[in-house]
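These notes are about the structure you will find just below.
The values are calculated or read from the model by the stated rules, or taken from the named source; none is laboratory data. Remember, predicted model here, so these are calculated numbers, not experimental data. Cβ placement follows ideal geometry from the backbone for every residue including glycine, while neighbour counts extend to all protein chains displayed.
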Amino acid sequence: MGVAVLAAVAFGAAPGPAAAQAPAWEPRDTHTDARFRGLAAVDRSTAWVAGTKGTVLRTTDGGARWKSVSPPGADALEFRDIEAFDARHAVVLAIGEGEASRIFRTEDGGASWTESFRNTDPKAFYDCVTFFDRRHGLAMSDPVDGKYRILSTRDGGRSWRVLPNTGMPPAQSGEAGFAASGQCLVASGPKDVWLATGGGAASRVLHSADRGLTWTAAETPIPAGDPARGVFGLAFRDRAHGIAVGGDYRADQPSPRAAAVTGDAGRDWTPSARPPSAYRSGVAWLPHSRAAALAVGPTGTDLTTNAGRTWRTVDTGSYDTVDCTHDGACWAAGEKGRAARLGHRFR
């Protein structure tokens, strides 16, 4: 069965003949070979993707046409995360050491962009950005002087300031975030935010309940102990229930215990009884479901219908990131200009 059929079952709908014939991911031609690790799904019609070679694309017709709205002069930048509030307002993050880490903002659908942050600390490397609402958001950097660095905005990304690190626990030796899917920093509700890590002795998820001022750290069962291993993506359907996915991103390495779940805001993490069979970089809860979610990676897409306890591979296409919307749409994006929308509307 495809993603659409299994999702219909998850929502209690009978997968009749029409559902059985429904496709899973429906590819949308972007006419580019950029790799998209940044994805912001607004609704069934509108989505933004961001990736290599300073590429930002936007669609407002369900992916039938994609318009290049890349910031001018950004060809050398690597965009890894994008957050969009609607078809006109978006914030995009470029990663890298020193001044390669930048944040841009648009208010006119990408017709023009304003650079609102450029990193000047050679020790910082920004990975992800997230928003609580249209005004309040955070961005995170790999550890600087032994602690993760957090940027904060209160005006929708027009300006940013570095938060004090007194409430941030020390990083482990070798620990960092993964800029693989734009999901190493995620928010749920007005104040809760989580940060995913890897590379250290243990993979961890850090949680803040006050918009990044103070944090607590919890170890997860997803293997780490190597720069290529750890938690790569997080998704929370509310402030308590979350899913972590990851593994080892190297194609020739196995990824056991590649998913874990929490029901207490990330204080404790339980390994999935049957995790995805390979590394997964992105994860998203299906719309209006308390039990169904998708995880994606270079070797396929997995579906859970029991809140992350068990997973089943339902598609073998390569995607790096996934995002779902309140009006029942799910989008995915990845290498070689890949973008797709799920071919079933969830009810």
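For the stretch 318-336, give me each residue that is at pLDDT 95 or above and over 17 Å from the mean Cα position of the chain (by Cα).
Of everything in the stretch 318-336, just one residue is at pLDDT 95 or above and over 17 Å from the mean Cα position of the chain (by Cα), namely 336.
Being under 16 Å from residue 285 (Cβ atoms) and touching a Lys or Arg at 6+ places or on another chain (Cβ under 8 Å) is the filter here, so list the residues in the stretch 320-344 that pass it.
321, 325, 327, 328, 329, 330, 331, 332
When residue 60 is evaluated against the numbered criteria (1) of a type in the set (Val, Ile, Thr); (2) under 29 Å from residue 31 (Cβ atoms); (3) under 18 Å from the mean Cα position of the chain (by Cα), which criterion, by number, is the only one it fails?
For residue 60, the failing item is (3).
In the list 244, 224, which residue meets the criterion of being assigned to a loop (DSSP other than H, G, I, E, B) and modelled with pLDDT of 95 or more?
Exactly one of 244, 224 is assigned to a loop (DSSP other than H, G, I, E, B) and modelled with pLDDT of 95 or more, namely 224.
Output the residues belonging to the stretch 75-106 that are of a type outside the set (A, V, I, L, M), within 15 Å of residue 40 (Cα to Cα) and in contact with a strand residue (DSSP E or B) (Cβ under 8 Å, 6 or more places away or on another chain).
79, 80, 81, 83, 85, 88, 89, 104, 105, 106
Please list, ordered by residue number, the strands (runs of 3 or more DSSP E) wholly in the stretch 262-323 having 3 or more residues that are surrounded by 21 or more Cβ atoms within 10 Å (Cβ to Cβ).
Correct list: 282-285, 293-297, 300-304.
Residues that are among the β-branched types (Val, Ile, Thr) and within 15 Å of residue 25 (Cβ to Cβ): does the stretch 297-310 have at least one?
Yes, the conditions are met somewhere in the stretch 297-310.
Name the residues in the stretch 184-202 that are under 16 Å from the mean Cα position of the chain (by Cα), part of a loop (DSSP other than H, G, I, E, B) and not hydrophobic (A, V, I, L, M, F, W, C), would you?
Listed by number, the list holds a single entry, 197.
If you check 127, 108, 133, which single one turns out to be of a type in the set (Asp, Glu) and either touching a Ser or Thr at 6+ places or on another chain (Cβ under 8 Å) or assigned to a strand (DSSP E or B) (or both)?
Every option except 127 fails the conditions.
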